[in-house]
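Student: This structure is in structure tokens; I'll ask about it shortly.
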Amino acid sequence: MKHLVLLHGWAMHSGLWGDFATQLSQHYRVTLVDLPWRDNLEAISDEIVAALDDEPFYLLGWSLGGTVALDIAARYTKRVKGVVLLATNPCFVEKENWAGMAFETFIAFSEQLHANSVTTLQRFLALQLQGSQTFLKDVKARFALKPTPELTNLETSLALLKTSDLRVVLMNLKCPISAILSDNDALIPVEISEQMQMFQPNLQLIILKNATHIPFVTQPENCLNSIHNFLNVIR
């Protein structure tokens, strides 16, 4: 059975995966990881890998978790068998000729977080779901399963999103890689799909319709099928 390691997004925790992780565990040996609070990407990756057994594994990284997954895959080439990037931008903040969150928007969000982290995180949950009340109650309940991270930890990990640029890593990655994006993601512009494929022609790209930034909540069946179709053909 393939070992699948799940890496969550910014400010979240492994409890956000909910039933989706349970469904995955029917097909794979699933390990849920809570991202450690560190001030650099390499330290986060090293701590995660050190906690795993010595067997090869596959990575499923959602949002910031996808950034971590890219770093792990690039530096632990003999361990990582494949990577699924879920609602992930290898360069989160926009650059010249690369779509992403506008720098001014990112700074404004950072300032809001510093001023009132509790309110900002609640708004962030709604933003990830495009304000859909159908799913928001469930996601808020999952989020409340663990204590809210301290502000210093939130700001430290947010800084990683501002500074991390894994485009060259994506370009040079040798293991099989898939990216699952949504055409209705408030945080990750779907335009990066063409740019990602230019950087990595072997990328398997799936674009879900109206799946938001948390596709494993809003479209779990389509998300599961996309993951299965990718993992079932690689060894």
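Student: Express in nm, to one decimal, how much length is gained between T77 and K95 on full extension, taking 0.36 nm for each residue of separation and deducting their alpha carbon distance.
Tutor: 3.7 nm
Student: In the structure shown, do any of K137/K209; K2/K146; K95/K146 have a Cα-Cα gap over 31 Å, and if so which?
Tutor: As for pairs spanning more than 31 Å Cα to Cα, those are K95/K146.
Student: Turning to a different aspect of this structure: Give me the percent relative contact order of the chain, please, defined on Cα pairs under 8 angstrom at least 6 residues apart.
Tutor: Reported relative contact order: 22 percent.
Student: Based only on the alpha carbon positions, what is the Kirkwood hydrodynamic radius of region 3-231, in angstrom?
Tutor: Result for region 3-231 stands at 17.5 Å.
Student: For region 170-182, what does the Karplus curve 6.51 cos²θ - 1.76 cosθ + 1.60, with θ = phi - 60°, yield as ³J(HN,Hα) per residue in whole Hz, taken in order and with x for Gly and Pro?
Tutor: 4, 4, 9, 5, 9, 6, x, 9, 10, 10, 10, 10, 10
Student: Another question about this same structure. What residue among A108, A87, A159 has the largest mean-square fluctuation in a Gaussian network model of the chain, using Cα springs under 10 Å?
Tutor: Of A108, A87, A159, the most mobile in the Gaussian network model is A108.
Student: Set Lys and Arg Cβ to +1 and Asp and Glu Cβ to -1, take the dipole of region 56-160 about its Cα centre, and tell me which of G61, T156, W98 lies farthest positive.
Tutor: It is G61.
Student: Rounded to the nearest 5, what is the percent of antiparallel bridges among the DSSP beta bridges in the chain?
Tutor: Around 5 percent antiparallel, to the nearest 5.
Values quoted throughout were computed directly from the atomic coordinates according to the rules given, and no laboratory measurement underlies them. Remember, it's a predicted structure, so these values are computed and weren't measured experimentally. For neighbour counting, all protein chains shown are included, and Cβ atoms are generated from backbone atoms with ideal geometry for every residue, glycine included.
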